[in-house]
Amino acid sequence: MYKTQRETEIHKGCRVKEWIKEGGRCWWRARSDDILIGTYPKSGTTWVIEMVDGIMKGGNTSLCLQIPSMARAPFLELNPPKPFPSGLEMLQSLPSPRLVKTHLPFHLVPPSFLEQNCKMVYVARNAKDTMVSYYHFHRMNKRLPEPGKWEQFFENFLTGKVAWGSWFDHVTGWWKEKENHQMLYLFYEDMKENPAREITKLAKFLGKEIDKAGIDKLVDHTSFQNMRHNPMANHSTLPANIFDQSVSPFMRKGEVGDWKNIFTVAQNERFEEEYNQWMSRLSPRFRTEL
Ligand code: A3P
């Protein structure tokens, strides 16, 4: 059932922690007003967190500048070595409504989110740019294995032998569930094309009224340039033995179509072959250039 050993571990860790019972009571469960933010890694998670957080704060972006992103939207399945708190521990101490970040494929999302009918925001990014971004992320993230040569990483990604498994399973797994839950499914490319439109869509989904000036402020606050220089969004608060930003910055390029700078013609053909096998008429449609 699980694509990779890593995925199995993530699943087990999350389920076990969620369902551990102390004195007959579950010590962690989703709350009905939790907002679950799901993505495959490198799809614009940090970006959409900034948008959602800004909306939830009524467009008052100065309130988003006080705490790092990872504390405003704790990472559900994060389980770092002690003394660092796990995602679940951070979530437990967060007041409602909480933003919860996850990279879990839909079938591994803890059931209490579904039972509580929580709102979910999913962002998908085209596989080619996601793959390139993930490659550079592996280079700088000292908690992930060395990616090796690009050619090797390309194959690992296509065959789902990376953390959080297959991109194909991920984007289609969430897509299939979007009508069954309170879910807004967004695309990175649409966010790039027209951030004001996508922020407006998000605000409506979250039941928040933000006027035109507020939307403009949020567009500015969540622009690549501003987030790149914002220490509460660019992960510069993490030490170099976790994210070594001298190797590759977390806020790297933020573009659609960067894949063209690294894919060879043969790799593009191989990609298209694999893509057509996995994706069908009913799958989400992706743009690889704007
Ligand atoms: P690149 O590596 O292609 O630059 P995640 O937050 O899911 O890890 O995704 C990180 C990717 O989203 C990086 O892509 C990063 O630059 C990009 N990103 C983050 N904030 C962005 C923004 N405001 N506008 C465009 N891209 C952004």
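The values are calculated or read from the model by the stated rules, or taken from the named source; none is laboratory data. Model, not experiment: these values are computed from the prediction. Every residue, glycine as well, gets a Cβ built from its backbone with ideal geometry; the counts of neighbours run over all protein chains shown. SASA here: full protein model, heavy atoms, side chains in, ligands and nucleic acids out. Shrake-Rupley method; radii C 1.70, N 1.55, O 1.52, S 1.80 Å.
Sort out which residues of region 110-129 are within 30 Å of residue 31 (Cβ to Cβ) and not in a loop (DSSP other than H, G, I, E, B), and write them in order of number. Matches in region 110-129: 111, 112, 113, 114, 115, 119, 120, 121, 122, 123, 124. The residue that is most open to solvent (accessible area, probe 1.4 Å), among those in region 175-194 that are closer than 17 Å to residue 50 by Cβ and assigned to a helix (DSSP H, G or I), is 192. Has region 143-153 got at least one residue that is open to solvent by 10 Å² or more (accessible area, probe 1.4 Å), under 25 Å from residue 285 (Cβ atoms) and not in a helix (DSSP H, G or I)? No - not one qualifying residue is present in region 143-153. Here region 230-242 is the region considered, the condition is being more than 17 Å from the chain's Cα centre (by Cα) and hydrophobic (A, V, I, L, M, F, W, C), and the residue that is most open to solvent (accessible area, probe 1.4 Å) is 240. Scanning region 153-190 for residues that are over 16 Å from residue 132 (Cα atoms), more than 14 Å from the chain's Cα centre (by Cα) and either within 14 Å of the ligand (Cβ to nearest atom) or acidic (Asp, Glu) (or both) returns 169, 177, 179, 190.
Quick check on residue 172: is it assigned to a helix (DSSP H, G or I), polar (S, T, N, Q) and touching a residue at least 40 places away in the same chain (Cβ under 8 Å)? Criteria met by residue 172.
Residues that are touching a residue at least 60 places away in the same chain (Cβ under 8 Å) and within 12 Å of the ligand (Cβ to nearest atom) were ranked within region 136-152; the one that is nearest to residue 44 (Cα to Cα) is 137. Please determine, by comparing only the residues of region 196-214 that are within 15 Å of the ligand (Cβ to nearest atom) and hydrophobic (A, V, I, L, M, F, W, C), which one is surrounded by the fewest Cβ atoms within 10 Å (Cβ to Cβ). It comes out as 196. When the criteria are applied in full, residue 237 meets the requirement of being of a type in the set (Ser, Thr, Tyr) and more than 28 Å from residue 127 (Cβ to Cβ).
Taken across region 29-36, residues that are surrounded by fewer than 22 Cβ atoms within 10 Å (Cβ to Cβ) and at pLDDT below 95 do occur, with at least one present. There is at least one residue in region 195-207 that is part of a loop (DSSP other than H, G, I, E, B) and over 19 Å from residue 67 (Cα atoms). Taking residues in region 220-237 that are among the basic types (Lys, Arg), and partners anywhere that are open to solvent by less than 40 Å² (accessible area, probe 1.4 Å) and assigned to a helix (DSSP H, G or I), not one pair has Cβ atoms closer than 8 Å while being at least 6 places apart or on different chains. Would you say residue 243 is in contact with a strand residue (DSSP E or B) (Cβ under 7 Å, 6 or more places away or on another chain) and within 14 Å of the ligand (Cβ to nearest atom)? The answer is yes for residue 243. Residue count for region 249-286 under the criterion of being away from the ligand (no atom under 12 Å from the Cβ), acidic (Asp, Glu) and open to solvent by 80 Å² or more (accessible area, probe 1.4 Å): the result is 2.
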